[in-house]
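What follows is calculated from the coordinates using simple rules that are stated; it is not laboratory data. It should be emphasised that the depicted structure is a prediction, and the values quoted were computed from it without experimental measurement. A quick note on method: Cβ atoms are made from the backbone with ideal geometry, for glycine too, and the neighbour counts reach across all protein chains shown.
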Protein chains: 2
Amino acid sequence: MGLTLKELAHTLDLSASTVSRALSGQPGIAPKTVERVKALAQELGYTPDSRARALRTGQGEGLVVISLFTAPTIYAMRTQALLVEGQNYFGRVQVVTLESPAALDLAVCRVLGQNPQAIVINAVNGDLSNSTRRELRQRGVPIVAIDTGIPECDSVRIDRQLGTYQAARLLLLSGCKHPVFFSNTPLDSPDARLRGIIAAFQSLGRDTRDIRLAACQASSLRGGYEAMRHLMTTSAVDGAFCYNDEMTLGALRALAETGLRVPDDVRLIGFDNLPFTEFCLPSLTTVAQPVEEAAQAAVDCCRARLENPEAPMGTRRFAARLLVRESAPLETQALREAVFHLPESLLSD
Amino acid sequence: MGLTLKELAHTLDLSASTVSRALSGQPGIAPKTVERVKALAQELGYTPDSRARALRTGQGEGLVVISLFTAPTIYAMRTQALLVEGQNYFGRVQVVTLESPAALDLAVCRVLGQNPQAIVINAVNGDLSNSTRRELRQRGVPIVAIDTGIPECDSVRIDRQLGTYQAARLLLLSGCKHPVFFSNTPLDSPDARLRGIIAAFQSLGRDTRDIRLAACQASSLRGGYEAMRHLMTTSAVDGAFCYNDEMTLGALRALAETGLRVPDDVRLIGFDNLPFTEFCLPSLTTVAQPVEEAAQAAVDCCRARLENPEAPMGTRRFAARLLVRESAPLETQALREAVFHLPESLLSD
DNA sequence: CTGGACATCGCAATCGATTGCATTAAAGTA
DNA sequence: TACTTTAATGCAATCGATTGCGATGTCCAG
């Protein structure tokens, strides 16, 4: 074990209380003593035991981020942003990675035993059991879900509908006859991307039954690659919108291997604005989500609830927005205006 | 605050000690009592306070990973791998991100107050002060440096020399007259990549003064892009080896914008084997480092030192190996054999 | 009926830091 | 000089869980 306060005090021929007060800068200690204490503490490299301090003061142990750490890189990017923000505000961040969303409730339960100051759940879908919820309330631990829906929790949501709407309009207005949506989520799920696509079709008077969906095995580079290869064996493709940038790059490669050119033959749009998309060949038109802002909001949400535990649950929303690059360009100003034209209905949601 | 042991005991009309023993399965408690205790604990959702427990038992608080979370994605990938491995063995992982290597000593010092079971330093170059070292010894906290050199510490090293040697040979044997090494590290630093390149030049009887270096502003996509653009204004390029894959993709784009083809006009090799490299156009020949293995080794290194604190400091090495893809292909079997020919001198280091 | 063996359980100290209150010493005032 | 005020420090309780040891009760054998 390390040096304890008592030992330090004994060496100085003082009591532990005096040393404690001297180190924490409390008034009522002789300046000379404070100096003497600080000097020896520095020299001996005394570091207070945070467990004991936390136990006594009742303060928690910082922020815990529970995250799904699988393929989509954007999850990791959000976790990283949460790490930075969380360190700023809570000083200390623990990351818990889950293999499967099913483990969420158990993980929260275990984490609660560590008396964290707050919990942020990143991209893990799932619900919490009643006993876990009760314990959260009892301990007054705020829990914020970022980019995922957990009932009865504060949440930070990234609104994908508008960005997707614009992306789909871009494809349609560029002349794509059969834009395809690549996804590995169940197609009957209330996916915001899908809603955006539907809205885009409707806004242009197109039959929504023309929306074509390509199911991917995984939301990864390979998943996109293989889905596109498979799709090309069955039908002609002139435009595609993918669930994320990894799949988009995979699809891009599949197209190139078949000799199809992007954007001349096929327009391609991704999602997430991962760093590599700007330097791909061609660079990827994609829908950017504000990662840092969302992380800041999540941490701020924790702070707000700690200050006012009784406030009603809230949701902070951030819009993902279309970033036009080479893989699906905007050739004319007229086209640009048409793509970014916003219907009232979408603005309210 | 949550439910405490004492409260639970009072509800059961028992003493805290009995409840504690019942829950931890110690002998000497009536089976009926154990059952009653466990039932109520379950129902009320009792979770022991890990701070108090850790304080009493003297056990630490899991693993702390200190990492530089800046541009190169490979850092984040290693952190992720450490997270998974650390959770497996220590149950609990805290991540501390540093803005600058200069903050390392202070960060370790702060972390020590949390009595962690072990510390892993990921990719942060720097040294520790004597007082910090003393405290590490006093507390018996193992500290392992992964992919970075900290004097007098266990370490896990990724040997880049062999992979780089092979990469440079591939460029030279493919007929590159002026291979360029893109890097943003000081050129006089004892960089393993540079040593590998020098060895490759020597192995083929080439004058090492022909080694050309391109200094990059940053080891990022844009850094590589701009360095390549700048290089092309001053001289002809027919082959390049970049410090990491991000820079390589940036350089690739710069080449393409100028109309140069890869690999026909320019051979390009990256480093890290980031996921996107496999699906780029062309896919990137790169040097892959074993991320998961290194993370496993780091955690195992902590375990070993906890078991045997007196063992001499050790270094576990993992070799990065060349992965040939399209951006610098191996056209013939003879070429393949020549590239992968290993000199004795390199095998020993 | 009594003593011992054994099964159960509670008391109290402990981990290390913090903090309200009491205590002592020093300084100031009449 | 005596008494009050103020500054500086120490004592002891506390946070919540754990654990050695002692206390109580039960049961069976002698």
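Please work out the C-alpha center-to-center distance from segment B:242-289 to segment A:20-50 and express it in whole Å.
56 Å
First check a/c for segment B:85-146, with a ≥ b ≥ c the square roots of the eigenvalues of its C-alpha gyration tensor; if it is under 1.5, answer rounded, and if not, answer prolate when a/b is larger than b/c or oblate otherwise.
Numbers: a/c = 1.83, a/b = 1.19, b/c = 1.54.
Oblate shape, in that a/c is at least 1.5 and b/c is the bigger or equal ratio.
Mind telling me which of B:Asn122, B:Asn273, B:Asn88 comes out most flexible in a GNM of chain B, alpha-carbon contacts under 10 Å?
Result: B:Asn88 has the largest fluctuation of those listed.
Provide the percentage of antiparallel DSSP beta bridges, counting only those with both residues in the protein assembly as shown; round to the nearest 5.
Numbers: 7 of 81 bridges.
Close to 10 percent.
Starting with the fewest neighbours, write out A:Met228, B:Met77 ranked by other beta-carbon atoms found within 10 Å of each beta-carbon.
B:Met77, A:Met228
Hey, got the dipole for chain A? About the Cα centre, +1 on K and R Cβ, -1 on D and E Cβ, debye to the nearest 20?
Working: 36 positive and 38 negative charges, 147 e Å.
The calculation lands at about 700 debye.
Fewest to most neighbouring Cβ within 10 Å: what's the order for B:Ile197, B:Ile146?
Working: B:Ile197 25, B:Ile146 29.
Result, fewest neighbours first: B:Ile197, B:Ile146.
Name the residues whose placed amide hydrogens come within less than 5 Å of the amide hydrogen of A:Asp147, ignoring near sequence neighbours (fewer than 5 apart) on the same chain.
HN-HN under 5 Å from A:Asp147: A:Val156, A:Arg157, A:Ile158.
How charged is the neighbourhood of B:Ala22? Take every other residue with its Cβ under 9 Å from the Cβ of B:Ala22, and add Lys/Arg as +1 and Asp/Glu as -1.
On the way: positive: B:Arg21, B:Arg36, B:Lys38; negative: B:Glu35.
Taking every Cβ under 9 Å from that of B:Ala22, the sum is +2.
Using Cα springs under 10 Å in a Gaussian network model of chain B, which residue among B:Gln296, B:Gln42, B:Gln161 shows the largest mean-square fluctuation?
Top of the fluctuation ranking is B:Gln42.
If the label for A:Leu106 sits 7 angstrom from Cα along the Cα-to-Cβ line, what are its distances to the same label in every other copy, in nm to one decimal, shortest first?
4.1
Can you name the helices of chain B, as whole DSSP H runs, whose Cα span along the helix axis is 15 Å or more and whose Kyte-Doolittle mean is not below 0.5?
Numbers: long enough: B:31-44 (20 Å, -0.39); B:73-90 (25 Å, 0.09); B:161-173 (17 Å, 0.67); B:192-203 (16 Å, 0.61); B:221-234 (21 Å, -0.43); B:245-257 (18 Å, 0.20); B:291-307 (24 Å, -0.02).
Length and hydropathy pass: B:161-173, B:192-203.
So for the protein assembly as shown, taking the charge dipole from beta-carbon charges (+1 Lys/Arg, -1 Asp/Glu), which of B:Gly62, B:Leu98, A:Asn244 sits furthest toward the positive end?
The listed residue farthest towards the positive side: B:Gly62.
Mind checking which of B:Asn130, B:Ala52, B:Phe181 is farthest towards the positive end of chain B's charge dipole, using Cβ charges of +1 (Lys, Arg) and -1 (Asp, Glu) about the Cα centre?
B:Ala52
Check which residues have an amide H placed less than 5 Å from B:Ile66's amide H, if you skip close sequence neighbours.
Under 5 Å from the amide H of B:Ile66: B:Val96, B:Val120, B:Ile121, B:Asn122.
For segment B:279-343, run through the chymotrypsin sites (Phe, Trp or Tyr not before Pro) and keep only the ones in DSSP coil with at most 15 other Cβ atoms within 10 Å of their Cβ. Working shown, then result.
On the way: sites: B:Phe279, B:Phe318, B:Phe340; in loops: B:Phe279, B:Phe340.
Passing sites in segment B:279-343 are B:Phe340.
Run through the other copies and list how far each one's label point is from that of B:Ser131, in nm with one decimal, shortest first; the point sits 7 Å from Cα along Cα-Cβ.
Ordered by distance, the counterparts are at 4.7 nm.
Comparing A:Thr11, A:Thr132, A:Thr286, which has the greatest mean-square fluctuation in the GNM of chain A with Cα pairs linked when under 10 Å apart?
A:Thr11
What number, rounded to the nearest 500 deg cm²/dmol, is the helix-based mean residue ellipticity at 222 nm of chain B, given -39500 (n - 2.57) per DSSP H run of at least four residues and division by all its residues? Please list the in-between numbers first.
Details: 14 runs with 156 residues, N = 349.
The helix contribution divided over chain B gives -13500 deg cm²/dmol.
Given labels modelled 7 Å from the Cα in the Cβ direction, how far is it in nm from A:Arg206 to B:Thr258?
Label-label distance for A:Arg206 and B:Thr258, simple model: 4.0 nm.
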